[in-house]
Amino acid sequence: MVNTSPLIHLAEAGRLDLLQAAAPAVWVPEPVAQEIRAYGPQDPTAQALAAQLWLEVQPVQVVSVQVLAWDLGAGESAVLELARACPGSTALIDDLAGRRCAEALGIPLRGTVGLVLAAKQAGRIQAARPVLEQLRDRGMYLSDAVLQRALRLVDE
């Protein structure tokens, strides 16, 4: 399950391949798809959502009281609800409140930075630094401190 911001950052950096390599099918909850489509048909993320069959839009019928109690946005809530309902899945969320909710509810979690680090550890990319810098150059907020901490985790 993936939320809006990781999809946007990866699409704008031309690195959706990292997401596709992480799972053969990636579920995009309908509220997330609606957020992305609102950017219009020329938006790179909207284009990817329409063109990539491995990005599967999934309905979310009901969000549990446990998730609703966190008062998150519709996209984060839908991602967490799908992940909660599908044991063994991982939520891909960058939003701090959404991440805290996932941790509190025991939902496996990864962020965009974690996705890049996992790709490096799996040998899908040679180095994490250029990818993280590319994401940052394309608008993803990533402080120098977080960047350096992440790079130390993969010996860069």
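The values are calculated or read from the model by the stated rules, or taken from the named source; none is laboratory data. The structure presented is a predicted model; accordingly, all values stated were derived computationally and were not measured. Here Cβ is always computed from backbone atoms with ideal geometry, including for glycine, and neighbour counts include all displayed protein chains. Ligands, DNA and RNA are excluded from the accessible area calculation, which covers all protein heavy atoms including side chains. Shrake-Rupley method; radii C 1.70, N 1.55, O 1.52, S 1.80 Å.
For the stretch 105-113, the criterion of being of a type in the set (A, V, I, L, M) and either part of a helix (DSSP H, G or I) or open to solvent by 70 Å² or more (accessible area, probe 1.4 Å) (or both) is satisfied by at least one residue.
State which residue is surrounded by the fewest Cβ atoms within 10 Å (Cβ to Cβ) when the search covers only the stretch 37-53 and only residues that are hydrophobic (A, V, I, L, M, F, W, C) and within 21 Å of Cys86 (Cβ to Cβ). Spell out how you get there, then give the answer.
Going residue by residue through the stretch 37-53, those that are hydrophobic (A, V, I, L, M, F, W, C) are 38, 46, 48-51, 53.
Those left that are additionally within 21 Å of Cys86 (Cβ to Cβ): 49, 53.
Numbers: Leu49: 21, Leu53: 6.
Looking at residues that are hydrophobic (A, V, I, L, M, F, W, C) and within 21 Å of Cys86 (Cβ to Cβ), I get Leu53.
Reported count of residues in the stretch 18-53, each being out of contact with any helix residue (DSSP H, G or I) (no Cβ under 8 Å at 6 or more places or on another chain) and not in a helix (DSSP H, G or I), is 6. Within the stretch 129-149, can you find the residues that are under 19 Å from Ser5 (Cα atoms) and either surrounded by fewer than 13 Cβ atoms within 10 Å (Cβ to Cβ) or free of Cβ contacts under 8 Å to residues at least 40 places away in the same chain (or both)? Leu132, Glu133, Arg136, Asp137, Gly139, Tyr141, Leu142, Ser143, Val146, Leu147 - these are the residues of the stretch 129-149 that are under 19 Å from Ser5 (Cα atoms) and either surrounded by fewer than 13 Cβ atoms within 10 Å (Cβ to Cβ) or free of Cβ contacts under 8 Å to residues at least 40 places away in the same chain (or both). The residues of the stretch 54-72 that are in contact with a strand residue (DSSP E or B) (Cβ under 7 Å, 6 or more places away or on another chain), surrounded by fewer than 18 Cβ atoms within 10 Å (Cβ to Cβ) and assigned to a loop (DSSP other than H, G, I, E, B) amount to a single one, Trp54. Residues in the stretch 73-88: is at least one part of a helix (DSSP H, G or I), open to solvent by less than 50 Å² (accessible area, probe 1.4 Å) and among the charged types (D, E, K, R)? Yes, there is a match, as at least one residue in the stretch 73-88 is part of a helix (DSSP H, G or I), open to solvent by less than 50 Å² (accessible area, probe 1.4 Å) and among the charged types (D, E, K, R). Which one is nearest to Ser89 (Cα to Cα) among residues in the stretch 111-128 that are polar (S, T, N, Q) and either in contact with an Asp or Glu (Cβ under 8 Å, 6 or more places away or on another chain) or without any contact (Cβ under 8 Å) to a residue 12 or more places away in the chain (or both)? Across the stretch 111-128, the extreme among qualifying residues is Thr112.
If you check Ala33, Ala25 for being in contact with a strand residue (DSSP E or B) (Cβ under 6 Å, 6 or more places away or on another chain), at pLDDT below 95 and either open to solvent by 40 Å² or more (accessible area, probe 1.4 Å) or not charged (D, E, K, R) (or both), only one passes: Ala25.
Would you say Arg124 is part of a helix (DSSP H, G or I), more than 19 Å from Gln148 (Cβ to Cβ) and either open to solvent by less than 10 Å² (accessible area, probe 1.4 Å) or basic (Lys, Arg) (or both)?
Working: part of a helix (DSSP H, G or I): no; more than 19 Å from Gln148 (Cβ to Cβ): yes; either open to solvent by less than 10 Å² (accessible area, probe 1.4 Å) or basic (Lys, Arg) (or both): yes.
So Arg124 does not fit the description; no.
Report whether or not Asp17 is more than 20 Å from Ile107 (Cβ to Cβ), among the acidic types (Asp, Glu) and surrounded by 14 or more Cβ atoms within 10 Å (Cβ to Cβ). It is false that Asp17 is more than 20 Å from Ile107 (Cβ to Cβ), among the acidic types (Asp, Glu) and surrounded by 14 or more Cβ atoms within 10 Å (Cβ to Cβ).
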